[in-house]
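Step one of this worksheet: look at the structure below.
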């Protein structure tokens, strides 16, 4: 029998703590708490942990510390833990390997160790209240007025401009929506009495619409979870899908931060409500967990080029921070391999991938099995930065330059891995 445990941990740093990489801005307050929302899926033989965190991202050892703490708490290998970061921008982006490159300690490792310890304790505690899952539900609905492709091309096929999460350039803002995946997908769990135990919702876009306030904020997804949690029992969590080139910039206000947060939070909550009203339920007795990996194709001389930027007297501070962050990932031994995980719960299939793939990869996954329910969550570690398709390198844009260290070879390798997992090809790891 499949069982479910849930836990929630307030991971909000103290006021005066850092936002983003923590090299400049300090938080002046808390608009709303930053939570880790966790699910433990348990069978008679093993367990899996899936968690959604209201942080911009976790890189390198910061991710590993949290995954290992959760794994130890529920007595499983760390490979059976997924930590997803929603990527709101008024939140921390932890990269503890930046310190040796930029010198000063940006985020305290001892503070983070305390946070991960509290998360592990909460995961362990939830094992005392595992609930049998009688059925898993799935549904999807088209969400209007949120996602728009960020990369606006000119007549020459090159990037004309970027449609940021808030855009004040009308010529860029009013460009066609572009390539997106408009579907909001929800997977839910219920017991034998038809009581909802929890849900996971997936949508592919940069989620933030109100960043820049200087206060810690879970942004629109946090507002959506607050609304949904008032309406439904159980633990509800949001997971950002592969939307490395997607934002809300076509629809958001450039100046009304609070209005954006409330409007888009409600928009997400309304979509989740529609999904709850149309869930297709089926009995599920086990979770299938399959993992595959491939060597990550780094750009030629990437380490040398990044070191040159870090040492250059002509490079700006922002350029040096970006180069140092990517360099820390290039140098982290674990990042020689790129792994992705497929969780199957009856007819619901969920892919969990690191970093920020472009939305075309989600559309590709759906094309592999066009008649099946497939959701994706990105940013399960932010170690590999942006992951464009091969053609995007010629188009330009910062996603394929400053914040990118893969080569064009990534596309065929990633697509092959997705296809292998979804087709159940032999030779993959199955837990």
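The values are calculated or read from the model by the stated rules, or taken from the named source; none is laboratory data. Note that this is a predicted model, so its numbers are computed, not measured. Don't worry about glycine lacking a Cβ; one is built from the backbone with ideal geometry, like all the others, and counts go over all protein chains shown.
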Quiz prompt | Failed item, numbered, when residue 101 is tested on (1) part of a loop (DSSP other than H, G, I, E, B); (2) in contact with a helix residue (DSSP H, G or I) (Cβ under 8 Å, 6 or more places away or on another chain) | solution = (1)
Quiz item: When the stretch 30-39 is examined, which residues are found to be under 18 Å from the mean Cα position of the chain (by Cα) and part of a strand (DSSP E or B)?
Solution: 35, 36, 37, 38, 39
Quiz item: Given the structure, is residue 54 crowded, with 17+ Cβ neighbours inside 10 Å and under 28 Å from residue 286 (Cβ atoms)?
Solution: no
Quiz prompt | Answer residue from the stretch 385-398, given it is touching a helix residue (DSSP H, G or I) at 6+ places or on another chain (Cβ under 7 Å) and surrounded by 16 or more Cβ atoms within 10 Å (Cβ to Cβ) and is nearest to residue 153 (Cα to Cα) among those | solution = 392
Quiz item: Out of (1) crowded, with 22+ Cβ neighbours inside 10 Å; (2) in contact with a helix residue (DSSP H, G or I) (Cβ under 8 Å, 6 or more places away or on another chain), what's the single condition that is false for residue 61?
Solution: (1)
Quiz item: Of the residues that sit in the stretch 219-236 and are closer than 15 Å to residue 197 by Cα and touching a strand residue (DSSP E or B) at 6+ places or on another chain (Cβ under 7 Å), which one is surrounded by the fewest Cβ atoms within 10 Å (Cβ to Cβ)?
Solution: 233
Quiz item: For residue 68, all conditions in the list (1) surrounded by fewer than 24 Cβ atoms within 10 Å (Cβ to Cβ); (2) more than 20 Å from the chain's Cα centre (by Cα); (3) on the phi < 0 side of the Ramachandran plot hold save one; what is the number of the exception?
Solution: (2)
Quiz item: Using beta carbons and a limit of 6 Å, which pairs, at least six apart or on different chains, have the first residue in the stretch 123-144 and over 22 Å from residue 375 (Cβ atoms) and the second one modelled with pLDDT under 95 and surrounded by fewer than 22 Cβ atoms within 10 Å (Cβ to Cβ)?
Solution: 132/1
Quiz item: Of all residues in the stretch 141-167, how many are in a strand (DSSP E or B), buried (at least 20 other Cβ atoms within 10 Å of the Cβ) and in contact with a helix residue (DSSP H, G or I) (Cβ under 8 Å, 6 or more places away or on another chain)?
Solution: 3
Quiz item: Restricting the stretch 306-327 to residues that are closer than 30 Å to residue 413 by Cα and surrounded by fewer than 16 Cβ atoms within 10 Å (Cβ to Cβ), which is modelled with the lowest pLDDT?
Solution: 319
Quiz item: Out of curiosity, is residue 182 free of Cβ contacts under 8 Å to residues at least 60 places away in the same chain and closer than 18 Å to residue 378 by Cα?
Solution: yes
Practice problem: Can you confirm whether the stretch 56-79 contains a residue that is within 18 Å of residue 229 (Cβ to Cβ) and either in a loop (DSSP other than H, G, I, E, B) or modelled with pLDDT of 95 or more (or both)? | Solution: no
Quiz prompt | Scope the stretch 107-139; condition out of contact with any helix residue (DSSP H, G or I) (no Cβ under 7 Å at 6 or more places or on another chain) and assigned to a strand (DSSP E or B); matching residues | solution = 131, 132, 135, 136, 137, 138
Quiz item: Of the conditions (1) surrounded by fewer than 23 Cβ atoms within 10 Å (Cβ to Cβ); (2) in contact with a strand residue (DSSP E or B) (Cβ under 9 Å, 6 or more places away or on another chain); (3) over 24 Å from residue 241 (Cβ atoms), residue 117 fails just one. Which one is it?
Solution: (2)
Quiz item: Restricting the stretch 1-29 to residues that are closer than 13 Å to residue 92 by Cβ and assigned to a strand (DSSP E or B), which is nearest to the chain's Cα centre (by Cα)?
Solution: 20
Practice problem: Those residues that are under 19 Å from residue 130 (Cα atoms) and surrounded by fewer than 18 Cβ atoms within 10 Å (Cβ to Cβ), I need them from the stretch 183-218; list them, please. | Solution: 191, 192, 193, 194, 195, 196
Quiz item: Out of (1) within 21 Å of the chain's Cα centre (by Cα); (2) within 25 Å of residue 58 (Cβ to Cβ); (3) at pLDDT 95 or above; (4) crowded, with 16+ Cβ neighbours inside 10 Å, what's the single condition that is false for residue 298?
Solution: (1)
